[in-house]
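Q: Please read through the structure below; I'll follow up with questions.
The values are calculated or read from the model by the stated rules, or taken from the named source; none is laboratory data. Note that the structure is predicted; figures quoted are calculated from it, not measured. Because the Cβ atoms are built from the backbone with ideal geometry, glycine has one as well, and the counts that use them run over all protein chains shown.
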Amino acid sequence: MYADRDAPADALDRRARWLDLLDDVQAGYIDVVAAYDTSRLWRSVELRIATCRELAKAGVARIATMAGAQPTDLTEDPEGNFMATVLAAAAEFDNRLRALKGKRGRRHAAENGRPHFAGRRPWDTGTCRTTPAVGSVWSPLTRPT
């Protein structure tokens, strides 16, 4: 089993176990790739096509997912191939929609004078604590002075 739990599916070059899988495919140890869900293999239609080509070039005969009651063949079964493309398009839509909502939310916060950082604030440790110099309590939502 090759598990990349700490890297997104659209960052294949940062997925160490994915690269290990490709090495094993090229060495001839593997000819079938089965994933829990298509979202673990790709998150866009473009990446789906590139991944399928890369795996085929490396010698994979079949790609399948195990998300449903029955394994779904994504290479030879026309219905499985179609569903994989539709799911890749839906995942791409979801990624772009979440990015757009985050951008709108940060812009709205900035327009209303609230913090508008992308990601964790550098001074935020997730707990309230006392500032020794002043002796006042501050929460993670306010920046210490």
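Q: Restricting attention to the range 22-41, and to residues there that are closer than 18 Å to MET66 by Cβ and polar (S, T, N, Q), which single residue is modelled with the highest pLDDT? Walk me through how you get there before you give the answer.
A: Here is the first cut: in the range 22-41, the ones closer than 18 Å to MET66 by Cβ are 30-41.
Those still in the list that are polar (S, T, N, Q) too: 38-39.
Numbers: THR38: 82, SER39: 79.
Filtering first and then ranking leaves THR38.
Q: Something else about it: Is one or more of the residues making up the range 94-104 within 22 Å of TRP18 (Cβ to Cβ) and either of a type outside the set (Lys, Arg) or at pLDDT 85 or above (or both)?
A: Yes: one or more hits.
Q: Quick one: which residue in ALA89, ALA64, ALA58, ALA69 is over 19 Å from ARG15 (Cα atoms) and touching a Leu at 6+ places or on another chain (Cβ under 8 Å)?
A: When all the criteria are applied, what remains is ALA64.
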